1. Looking only at segment B:23-36, how many residues end up being touching a residue at least 60 places away in the same chain (Cβ under 8 Å) and either part of a helix (DSSP H, G or I) or among the small types (Gly, Ala, Ser) (or both)?
2. So if I check each of A:68, A:59, which one is over 20 Å from residue A:13 (Cα atoms) and touching a helix residue (DSSP H, G or I) at 6+ places or on another chain (Cβ under 9 Å)?
3. Under 7 Å between Cβ atoms, at least 6 apart or on separate chains: pull out the pairs that start in segment B:250-264 with a residue that is within 11 Å of chain A (Cβ to nearest Cβ) and end on any residue that is polar (S, T, N, Q).
4. Considering only segment C:125-154, state which residues are touching a Phe, Trp or Tyr at 6+ places or on another chain (Cβ under 8 Å) and surrounded by fewer than 18 Cβ atoms within 10 Å (Cβ to Cβ).
5. I'd like to verify a number: residues in segment B:4-17 that are at pLDDT 70 or above and out of contact with any strand residue (DSSP E or B) (no Cβ under 9 Å at 6 or more places or on another chain), how many?
6. Tell me the residue from A:54, A:89 that is over 14 Å from the mean Cα position of the chain (by Cα), under 22 Å from residue A:6 (Cα atoms) and β-branched (Val, Ile, Thr), please.
7. Evaluate the following for residue B:174: is it over 30 Å from residue B:93 (Cα atoms) and either at pLDDT below 85 or in contact with a strand residue (DSSP E or B) (Cβ under 9 Å, 6 or more places away or on another chain) (or both)?
8. If I ask for residues that are touching a Ser or Thr at 6+ places or on another chain (Cβ under 8 Å) and within 26 Å of residue B:30 (Cα to Cα), which ones from segment B:132-158 would you list?
Amino acid sequence: MNPSEVDILLVDDSQDDVELTLHALRAENLANRVFVARDGEEALDFLFCAGPHTERSFDHPPKMVLLDLKLPKVDGMQVLKQVKGDPRTRTIPVVLMTSSKEERDRAIGYDLGVNSYLQKPVDFDEFRKMVKLLGLYWLVINQPPVTNGNSHSVAQAK
Amino acid sequence: MSSAGTKLETESSAQPGPKLRALLVEDNALDAALVVRALYKGGFDVSAHIVQDEAAFTQALRTQRPEIVLADYNLPNWKGMESLNVLRREGLDIPMILVSGALGDVTAVECIRQGATDYVLKDSLARLSEVVRRALREKDERSLRHRMEEDLARKVDELARSNADLEQFAYVASHDLQEPLRMVTAYTQLLAERYRGKLDENADKYIGYASEGAQRMQVLIQDLLAFSRVGRNNAGIGSVDCNAVMADVLQTLAPAIQESGAVITHDALPAVWADRTQLAQVFQNLVGNAIKFRGKEPPVVSVQAEKTAQRWQFSVSDNGIGIAPEFAENIFVVFQRLHARTEYPGNGIGLAICKKIVERNGGKIWVESRAGSGSSFKFTLPFHGLDAAEGSDCEDIA
Amino acid sequence: MALTRQKGVIVKILLELLVVDDNPADIALVCEALAGSKLHSKINSVGDGVEAMTFLNRREKYVNALPPDLVILDLNLPKRDGLAVLAAMKAGPDLRRIPVVIFSTSQLRRDIVRSYEMGANCYVSKPGNLTEFFSAVKSIEEFWFGFVNLPPRGE
C-alpha cells in the first residue's frame, strides 16, 4: 500500500479489536486504506515520518487516527500529547477509542485536544456499528485538512 | 548670431499639391539653387529652407517641420553629418541625404553606416529626386509599420484585460450566487415536503416547479464555477504520468463503472507536461461520458495514446450511442446538449471544460463518430509544454 | 437523552446544543433537521461572535444559561468571526473542552486547516441541497450526542 494513501491509522494492540475494526471498515469499503500500528512507538514513527517510515511525508497524513489508550511502549495519551503538541501533526483528527471508563481520561484527552472520545462497546454488534459510524462521520461528512490528490479536487463529470 | 536661414521656393503650375518641405544644410547659394532645381526637374514642387549651422538647423527643424534633410558634408561652421545627431536628439525620424562633392566610397559607406539615408554627388544631381522619392517612401512604410505595431500591442493589451475581467466576473458571479441560491433551494424543498397535500391542488405543482428550477440553477452555477476555475490555478504544471491519472480516474468513477458493468482498458500511457488536476478532469469527463452515453450493451471503453511528430494524441473510444457528424463541433460549446435532460442527466459543460483545458495546454480536441456506432474522442498535447508546440494542430487532423 | 455514570449512579443528562450562525434561515434549517430528535433537550442559537462569547461566558441575559455540550459554529460571522470565537473558547479553562464542530459553506483549504489548527474538533461543509443538509446535521448530532463520550461537566 502506498504510504501516502492511508486514510486511517489504527493504533491498537488487541488483535481481536483490530480484526473487528478492519471487518467493520471493510463493509464500508474503507479497509484497504488502513494502516495498523501495534504500539505507541510505531504510531509515532508513522505520524512523524521516522524510524521505518521515513518515506512518508507530512503532506500526506491519514484522515483520521483511531487510537486506543492502553498501548505498549508508548501509551495512547502520550501519543495524543505529541501529535497535538506538534504543529506538523496537530491538525490530524484523532479519535480516542478505548475501553477505559475513567472520567479523568476523558478530561485529560479533551484537554490535550482530542477530536473525539469514544468508549469501545463490549457488544460485538455495537462495536461494529460504532466503527461504521466513525468511518462515515470522519471520512465522509467531516472535511479533513489533507491535500491528497483525490476525488475532492476533481469536479464531477456531466 | 546665427543666420536665420534663407528660403527658396519653386512655383509650379503643372504640379499641384503640397510642396516638398526640404531643409538644406549648405553654405553655397549656387549649390543650394542647383539642388532645388534638380528636385524641381525631377517632379517635385519645393519649399526649401537653407541653414549653415547647428543652431539654425535645430530652430528650422522645430519651425519648418521639414520632410527631408539635404546636407553638404563640409561647411565652414559645421559638419553635415552632425545633423544626424540633432535629429536623434530631437527624436525625429527625417531622412537625411548627403549632397556633397567627391567623398570617396569608403567615406560614403561610412556615412550611411552612421545613419545617412543615402548620398548623392553634386555633379550627379540628376539622381537626386529618385533618391529623395525612395527615402520618403521608406519613411512612410516605416511609420505605417510602427503605427500598426502600436495598434496591435494596444489591442492585445485590451483583449487580455477584457478576458481577465470576464473570467473574474464569471467566477465571482457564480461564487456569490451560490449562497442565496442555497436558501431558495433548501426552503422550496422544505415547503414541498412540509405542505404536500395541505394547500390547494395547484400549490404542490407550483412549489414543485420552483423547487426544481432552484435545484437546476444550483447545478448550473456549480458547473459555471468549475468552468471558470479552469486555468485560474496553474500551479500544478509538471510532468504527469497518465497511467497514475487513469488509475485515480477509475477509482473516482468506480460506482458508475460497477453500476453499468463497464469495461475500461488503456494502453501503457506516456508522461506528459501538463497540470495534473486538469488532465485528470479531462480523462474523467471523457471516460465518464463514454459510460453515461451508452447504448443497450454494457459500455466498452478503451483509452489509447499515439505519438505523432510533435505531440501525443490520446483517444477515448467507446461503443455507445455515437454522435451525428453535424453536431461534432457543437457538443464542445458550453451548455450545449444533444439530448433531453430526462434521457441523460447533465448540463453539457463537461466537454466545454475538456476543450478549455486541452487548448490551454497547447492541444486540440475533437470527436470522430457516427450516430449509433460509438465515438472516439481525441485530443492532443505537445511533448514539452507550450514552447514546443507550434500554434495550431490542423495538420494532425485527417 | 444521554446516560452517564456519575459517582457510580446512572444519571440522565440533558444535552444542550449551541448553534452560532448569522443566517437565521440556516439556524431554522438546523432546528428543522433536529426536530423530534430525543438526543438533545435544548437548542440555543446566537447570530454573531460577540453574542456567542456572552452566552458561553454566561453574562448579561445569559446569566442562567447552561454551558452547551456541543457548539456548531459557522465561520463567517459579524462582529467576531468563527475562528476568533474558537480561539476564545480554547483559551478559557472551562470552555476549551467543549467540542466544536465547524459548520460552514466555505470549502477553502485555508479555512479548513486554520480551523483544525485552532482546535476545532471537526469541520463539516454545509451541503447545498436540503436532504444532504438534514443528513449532515442529523449525523453531527447522532455522533456527538449518541456515540461520543463527552468531556465531563465542569461542576
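The values are calculated or read from the model by the stated rules, or taken from the named source; none is laboratory data. None of the values given here were measured: they were computed from a predicted structure. Note: ideal-geometry Cβ built from the backbone for every residue, glycine included; neighbour counts use all protein chains shown.
1. 3
2. Working: A:68 fails: over 20 Å from residue A:13 (Cα atoms).
The match here is A:59.
3. If the second residue must be polar (S, T, N, Q), the pairs left are B:252/A:151; B:252/B:284; B:253/B:284.
4. C:127
5. We begin by selecting, within segment B:4-17, every residue at pLDDT 70 or above; these are B:5-11.
Keeping just the survivors that are out of contact with any strand residue (DSSP E or B) (no Cβ under 9 Å at 6 or more places or on another chain) gives B:11.
Summing the residues that are at pLDDT 70 or above and out of contact with any strand residue (DSSP E or B) (no Cβ under 9 Å at 6 or more places or on another chain) in segment B:4-17 gives 1.
6. Working: A:89 fails: over 14 Å from the mean Cα position of the chain (by Cα).
It is A:54.
7. Details: over 30 Å from residue B:93 (Cα atoms): yes; either at pLDDT below 85 or in contact with a strand residue (DSSP E or B) (Cβ under 9 Å, 6 or more places away or on another chain) (or both): yes.
In short, yes.
8. Residues of segment B:132-158 that are touching a Ser or Thr at 6+ places or on another chain (Cβ under 8 Å), as a first pass: B:135, B:138.
Result: B:135, single match.
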